[in-house]
Amino acid sequence: MATVATLPVQASSSSPAADKYRGAVVEDLQLPPAFALPADEAISRAIEMAYERDFSHIPVLDRNRKLLGYVEVAALKAKWEAGEANPDDKVSQYMTKFKRTAATPYTIITPSTPLAELEDFLKRNIFAIVTDWDRKFVLGVATSHDLENFVSRRGF
């Protein structure tokens, strides 16, 4: 009579979210190219550029192209329309600065970041700025909406 050896079953290291995306990464979202604003850009130009590209949040850079923060376009436009902001004001006056401390580590999101990790990040943040590994270039901005579109396009 033949004997049957039973191999131990290893626990799957993939989470339900990882299974949902079937190994897809941020690059698979096919995000439109991002644009970022210099901190000294006029808010009138920022609003115009955001609406041309249908962006709700725009990264803000210093003169060395280091990420400083972001502007929320709808809030900026509301301040302008309410007379609380001058069209020539600089975006740096209205940006939300990124908090970089030892207690708040900077999470790097690159084109090769798994979508399951991006989903987890977006549970705690409004959007993710996609950069190269060295954080020298802003490549895109990803939102929960982008993930939802990906899932619906793929039929997952």
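The values are calculated or read from the model by the stated rules, or taken from the named source; none is laboratory data. This is a predicted model, so every value here is computed, not measured. For neighbour counting, all protein chains shown are included, and Cβ atoms are generated from backbone atoms with ideal geometry for every residue, glycine included. Heads up: the accessible areas ignore ligands, DNA and RNA and are worked out on the full protein's heavy atoms, side chains in. Shrake-Rupley method; radii C 1.70, N 1.55, O 1.52, S 1.80 Å.
Sorted largest first by accessible area at a 1.4 angstrom probe radius, with every protein chain in place, the residues Arg63, Arg153, Arg100, Arg22 fall in the order Arg63, Arg22, Arg153, Arg100. With a Cα cut-off of under 15 Å and a minimum spacing of 8 residues unless on different chains, the lysine pairs in the chain number 5.
By accessible area, using a 1.4 Å probe on protein heavy atoms only, the chain has 51% of its surface on carbon and sulfur. Taking the Cα atoms of the stretch 56-113, the ratio Rg/Rh between the radius of gyration and the Kirkwood radius comes to 1.06. Extension gain, Gln30 to Asp88, is 17.5 nm, computed as 0.36 nm per intervening residue step minus the present C-alpha separation. Would you mind counting up the charge near Thr110? Only other residues with Cβ under 12 Å from its Cβ, with Lys and Arg at +1 and Asp and Glu at -1. Here the count lands on -2. One Cα centroid belongs to the stretch 100-141, the other to the stretch 17-65; the line between them spans 12 Å. With the alpha-carbon atoms of the stretch 42-89 aligned to their principal axes, the span from lowest to highest coordinate is 32, 21, 14 Å, starting with the largest. Think of a 1.4 Å ball rolled over the protein heavy atoms: the chain then has 65 Å² of accessible area per residue.
Charged side chains reduced to their Cβ positions (Lys and Arg at +1, Asp and Glu at -1) give the chain a dipole of some 400 debye around its Cα centre.
Run the helix sum for the chain: -39,500 (n - 2.57) per DSSP H stretch of 4+ residues, divided by residue count, reported at 222 nm to the nearest 500 deg cm²/dmol. Walk me through the numbers before you get to the answer.
Details: 5 runs with 45 residues, N = 156.
Value at 222 nm, helices only: -8000 deg cm²/dmol.
All Cα-Cα distances of the chain, cut into 5 Å bins from zero to the largest, leave 2, 8, 16, 18, 16, 13, 10, 6, 4, 2, 2, 1, 1, 1, 1, 0, 0, 0 percent in each bin in turn.
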